[in-house]
Amino acid sequence: MESADLVIVGGGASGLSTAHAAHRLGLAPVVLEAGPEPVGSWPHYYDSLTLFSPARSSGLPGRPFPGAPDRYPTRDDVVAYLRDYAARLTAHAAADIRTGVRVTHVSRAADGRGLVAHTGAGDAFTARYVVAATGGFGRPYTPTLPGADRFAGRILHAADYRSPEEFAGQRVVVVGGGNSAVQIAVDLADAARVTLASRAPVRWVRQRILGKDLHWWLARTGLDTAPLSRRLGGTTMPVVDDGRHRAALAAGKPDRRPMFTGLTPNGVRWADGTGEPVDTLVLATGYRPDLGYLEPVGALDADGRPLHRAGVSTAVPGLGYVGLEWQRSLSSASLRGAARDAQHVLTRLDAPAKRRRPAGSRFDSRRY
């Protein structure tokens with residue numbers, strides 16, 4: 001059994017931000033990442049994904065996002081950035097990052113003075129603190145659709161969508177009304193006949209207002225970080241758009257319809273009672289926290305949701321979370337929000353904030 005000050009489960013943006021914050025507090029973190037490299041779920045997102053926040057708002061602490069500050073980074077840009085960020089953390093001895101290590105469950109230490117993270121390989125890591133930073137991509141949410149058991153077409157979640165080529169010539173219905181649903185539907189519309197089906201009309205917000213990016217306004221008004229914004233949790237967020245996606249829907253590529261009432265063996269039944277053959281359904285219906293490994297320690301409620309207050313567990317001493325949607329504000333699950341939440345959580349886990357970083361460390365806590 002290995003010992004550490006802090007075990008961070010997950011090596012994506014949230015986990016790396018937490019490792020940075022931990023080092024600044026004088027802690028020696030171990031990051032356990034199930035994937036082959038510490039870049040989280042980003043390589044698995046669809047090919048056309050582009051951030052809705054500009055590069056200037058998307059960097060993790062100590063390392064600005066490279067390139068023009070007003071550009072909107074792509075999926076591959078983010079993967080390259082996280083790869084570089086992790087390498088710099090390791091090079092400066094700021095974190096011990098282990099890849100290919102899947103945590104299967106967390107238990108309380110036998111002496112009651114910490115937690116133990118157990119891995120699929122049979123190893124165990126004991127620590128005073130554990131931070132769950134696994135996000136939600138590993139647990140896509142699939143709603144119950146009447147008639148799904150009889151539908152002969154293909155049903156896939158947005159987590160499994162990559163590019164439009166394989167859907168050429170098909171009749172496709174994308175379910176959802178958020179950013180991913182709209183972006184995927186528009187992406188598909190040049191290759192297939194596509195409808196966006198949602199329970200309510202799409203709500204839009206301009207990406208740039210009076211020459212400034214939306215995130216500049218969110219930061220200036222305080223909504224980006226204000227706990228008050230957590231009251232919006234559970235509501236459908238508006239689609240952030242530079243005008244292109246809204247214009248595509250207005251032109252009917254894709255068209256938008258109210259949610260269908262059910263599936264038939266070969267298609268969907270629309271709200272007006274008409275049926276239509278459909279080849280593929282793409283469910284852009286979101287995710288749920290991927291935290292099953294915390295169930296044995298009693299950290300979750302009956303529905304598998306974490307019991308916490310602003311990222312600090314209310315059920316298990318020494319346990320925290322970074323990267324949950326609406327954890328502290330509307331930006332909590334984003335690149336820009338993870339760093340703030342990590343600092344907040346670690347200081348409230350009674351981390352030794354006044355300790356200085358290890359003598360001789362070449363790591364600059366302000367910038368690499």
Quick check on region 172-192. Is at least one of its residues among the charged types (D, E, K, R) and over 24 Å from Q207 (Cα atoms)? no
Restricting attention to region 305-323, report how many residues are touching a residue at least 40 places away in the same chain (Cβ under 8 Å) and either among the aliphatic types (A, V, I, L, M) or over 23 Å from G114 (Cβ atoms) (or both). 4
Does A302 fit the bill of being hydrophobic (A, V, I, L, M, F, W, C) and free of Cβ contacts under 8 Å to residues at least 12 places away in the same chain? yes
Just one of the numbered conditions (1) at pLDDT 95 or above; (2) surrounded by fewer than 18 Cβ atoms within 10 Å (Cβ to Cβ); (3) of a type outside the set (D, E) is not true of H44; which one? (1)
Please specify each residue of region 270-286 satisfying the condition of being in contact (Cβ under 8 Å) with a residue 24 or more places away in the chain and either among the hydroxyl-bearing types (S, T, Y) or in contact with a strand residue (DSSP E or B) (Cβ under 7 Å, 6 or more places away or on another chain) (or both). E276, P277, V278, D279, T280, L281, V282, L283, A284, T285
What's the total number of residues in region 81-116 that are over 22 Å from the mean Cα position of the chain (by Cα) and not β-branched (V, I, T)? 15
Listing of strands (runs of 3 or more DSSP E) fully contained in region 107-162 that carry 3 or more residues being in contact with a helix residue (DSSP H, G or I) (Cβ under 9 Å, 6 or more places away or on another chain): 115-119, 124-132
Would you point out which residue out of A121, A133 is among the aliphatic types (A, V, I, L, M), more than 30 Å from M259 (Cα to Cα), surrounded by 19 or more Cβ atoms within 10 Å (Cβ to Cβ) and at pLDDT 95 or above? A133
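Under 30 Å from R108 (Cα atoms), among the small types (G, A, S) and part of a loop (DSSP other than H, G, I, E, B): does that describe G26?
Details: under 30 Å from R108 (Cα atoms): yes; among the small types (G, A, S): yes; part of a loop (DSSP other than H, G, I, E, B): yes.
It is true that G26 is under 30 Å from R108 (Cα atoms), among the small types (G, A, S) and part of a loop (DSSP other than H, G, I, E, B).
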Of all residues in region 53-106 being over 22 Å from A21 (Cα atoms) and in a helix (DSSP H, G or I), which is most open to solvent (accessible area, probe 1.4 Å)? D76
Which of (1) open to solvent by 20 Å² or more (accessible area, probe 1.4 Å); (2) in contact with a helix residue (DSSP H, G or I) (Cβ under 9 Å, 6 or more places away or on another chain) does P36 not meet, given it meets every other one? (2)
Taking region 314-368 as the region of interest, how many residues are modelled with pLDDT under 70, open to solvent by 30 Å² or more (accessible area, probe 1.4 Å) and of a type in the set (G, A, S)? 4
(1) at pLDDT 90 or above; (2) in contact with a Pro (Cβ under 9 Å, 6 or more places away or on another chain); (3) open to solvent by less than 60 Å² (accessible area, probe 1.4 Å) all hold for N266 apart from (3)
Of all residues in region 29-52, which are in a helix (DSSP H, G or I) and either touching a strand residue (DSSP E or B) at 6+ places or on another chain (Cβ under 7 Å) or within 30 Å of G318 (Cα to Cα) (or both)? W42
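The values are calculated or read from the model by the stated rules, or taken from the named source; none is laboratory data. Not measured: the values here are computed from a predicted model. Cβ atoms come from the backbone with ideal geometry, glycine included; neighbour counts cover every protein chain shown. What goes into the accessible areas is simple: the full protein's heavy atoms, side chains included, and nothing from ligands, DNA or RNA. Shrake-Rupley method; radii C 1.70, N 1.55, O 1.52, S 1.80 Å.
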